[in-house]
1. In Å, what is the Rg of the alpha-carbon atoms in chain A, and how long is Dmax?
2. Pull up all non-local amide H partners of B:Asp128: gap of 5 or more, or a different chain, and H-to-H distance under 5 Å with H placed in the peptide plane.
3. Hey, what do the phi angles of segment B:150-163 turn into as Karplus ³J(HN,Hα) couplings, whole Hz, using 6.51/-1.76/1.60 and θ = phi - 60°, x for Gly and Pro?
4. At 0.692 mPa s and 37 °C, plugging the Kirkwood radius over alpha-carbon pairs of the protein assembly as shown into Stokes-Einstein gives what diffusion coefficient in µm²/s?
5. Between A:Asp95 and B:Leu292, what's the calculated FRET efficiency when r is the beta-carbon distance and R0 is 35 Å? Round to 0.05.
6. Hey, what do the phi angles of segment B:419-430 turn into as Karplus ³J(HN,Hα) couplings, whole Hz, using 6.51/-1.76/1.60 and θ = phi - 60°, x for Gly and Pro?
7. Any idea what log10 I(q)/I(0) is at q = 0.10, 0.12 Å⁻¹ for chain B, Debye with uniform C-alpha scatterers and no solvent?
8. Give the aspartates and glutamates reachable from C:Lys34 as a straight Cα distance under 12 Å; neighbours fewer than 8 places away on the same chain don't count.
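Laboratory data are not the source of any read-out in this text; all were calculated from the coordinates shown. Since the structure is predicted, the reported quantities are computational estimates derived from the model, not experimental observations. All Cβ positions, glycine included, derive from the backbone under ideal geometry; neighbour counts span all protein chains shown.
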Amino acid sequence: MPSFSAYLACAIILYIIGLYCLVTKRNLIRLIMGMEILVNAAHINFIALSAYWVPGFIDPLARSIVMISIGLAGCVGAVLLSFTVYAYRHYGTLDVRRMRELRG
Amino acid sequence: MFTPIIDSLLIFSIITPIIGFFTKKKSSCLICGVVSIGGYIVSMAYLLHLLPQIFRNPIRIPVKASLVSTSIIIDVPGSLMSLLALALGLFVTIYSIRFMERDSGTPLYYSLILAMITGIVGASYSGDLFTLFIFWELMCITSYVLVGFRRNVKESVEAAIKYMLMSGVGSATILFGMSLLYGLTGTLNLPRIALSLKAGEGGPWLYTSLGMLITGFGIKAAIVPLHVWVPDAYAAAPSPISAVIAGASTELAVFVICKLLFFIFPAIKVSWIEFFAAFAVLNMILGNIAGLLQSDVKRMLAYSSVAHIGYIFIGIAAGTKLGLTAALLHIFNHGLMKALAFLCIGAIIYRIGARNLEDLAGVGRKMPITSTAFTIAVLGLIGMPPLNGFISKLILFMSCLDSGMLWLGILLIIFSAVSTGYYIRILKALIAAPRNEKFNDVKEAPILILIPICCLAFLVILLGIWPDLILRFAEESSLWLMEVERYV
Amino acid sequence: MRVDYLQVIGVMFAIAAIAVALIMITEQEFPLFKYAESRTLINIGEDVGERSGIFLWKNRSLDLLIQAFVLLASAIGCVALFRAERW
């Protein structure tokens, strides 16, 4: 089994990739995907921690948390996609940089 | 299941759309509003009934406290926050019966407000980090839909998308910070984490976890580099929703930050005190200076909200028990005053349809009760003596003197004076002579809109003349929040 | 080829952040469960899935109820967004 630091590095790299996706991409659907990547980084961290407490045993608390949290991330994605439909109807494009009418 | 405080809100939230399905469209707004008012009244009655018992001992929901189970602890600091949330929910629902009568889908609207208040009440009572997260997500998801409720208006949809993206990032960051904290202590139960971390020294990973939690909750609490969603979302939401989000949701985020800092991380207090002093100064500067540049009243109130969060952070940066008392007191008072201000501007928008300062000129003579209430709200926000804003700012200043940060107290006074600049412009616009004839047939706001406004104005004056009611509550809360041993 | 400056700056910041994170992970070892109290865990040899399920329902049942309510609230939210105007 690799050491825990490898899994922690994986989770942090995923988090940074999610943030990069949210900052640089233009299409609204790609931003939603970036947010899902961000949440999954935390999930990987939880699961890796549950496996490394005592070698040969797993911790059920972290697994329960991840199971519930996957449902929550799904709900957020659903509401975001509903708003994407209306954004497209109003602006005619999914480009976030065009949706800048509110200023100041 | 849970206590009737949370249960009744959940049950009414499910009943309201069912009843709304069976009523005709014309009267569905009124009937569903009355049904959902019942939910708030049952919940608040039960909370007030339990209040003497809560002051002696907190009530735990799984009665046997264990390391791994869900934990809801009905205690004094949580009751302060949930009382604010229930009161605001009740007033906003009465207000919406008249305000949202021309919108469609109002049974769903009432159900979503009930769900949001459930989230706020549950999050303020939770004793476990993951329970806090689930109630937090409930509040967030329903608030996204409520901000964008008028989905045929372009600016609502844009504001809701901007708000959703930033707040979603906040939630994911909270989850990552929670996982690091779980990695250090092996449990997510708040009193147990506090006891485990008390003895240890802070390593760099504790700081990372603290940073992520503060960033995540700080996006909702309008800390300065992360506050950019605030003016857009507060301005584009329907006015009762602006009142609830400004008065309860943002305050809940600041309350949770207080709870985490003083409960779990007192070991590294020296580090975060400096950060929060810096955040307080940034918030005050940006909130007040940007407020001076606005001409839209709702955006002005949004920036003033950012400035008041800065004042609350002064109390946190003081770090003592008096500072925490001052912060909790200002959370409560600011919630009431800001909600009153948003409800008043909503009443004016209901009658006139415009919200820029030039269009408001002279409306005060036609709508006297609304303008008086607006004046009371604005004077409270400035910090004038017989109102409750003065009491909380005074105690904030005293806590600065107490902990040796006199420069923060002086900045508080200076920026309160600066903020007078834009508040007075609103008052001047209200009492000016009417410039055009289109205000001739503007009457006073309808009675159902006036009732919550008058009740809130009465509360603002009452808590200013007789602050002892809330001050004792806030002192007791800070006592409980700073001593972890009482919870175990 | 049009160069999108924001993307280039984003990539540079992301690589810098990854480098900082990797240095931090290798220098300061993550203190794995340093402050933890011991409790019962599940052995990998036994039926992990079923035991995790039993744990979830025994200890975290209130969280599951609130999660069900969040699902209901987001369904109500999506219905509210897609409602017909005449209703």
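1. Reported Rg and Dmax, both Å: 17.6, 57.
2. Hits under the 5 Å cutoff: B:Ser71, B:Leu190.
3. Calculated HN-Hα couplings, in order: 8, 7, 8, 9, 4, 6, 5, 5, 5, 5, 5, 5, 4, 4 Hz.
4. Values: Rh = 25.5 Å.
Answer, rounded: 129 µm²/s.
5. E between A:Asp95 and B:Leu292, to the nearest 0.05, is 0.60.
6. 5, 4, x, 8, 5, 5, 4, 5, 5, 4, 5, 5
7. The Debye formula, applied to the Cα set alone, gives -0.70, -1.04.
8. Partners within reach: B:Glu201.
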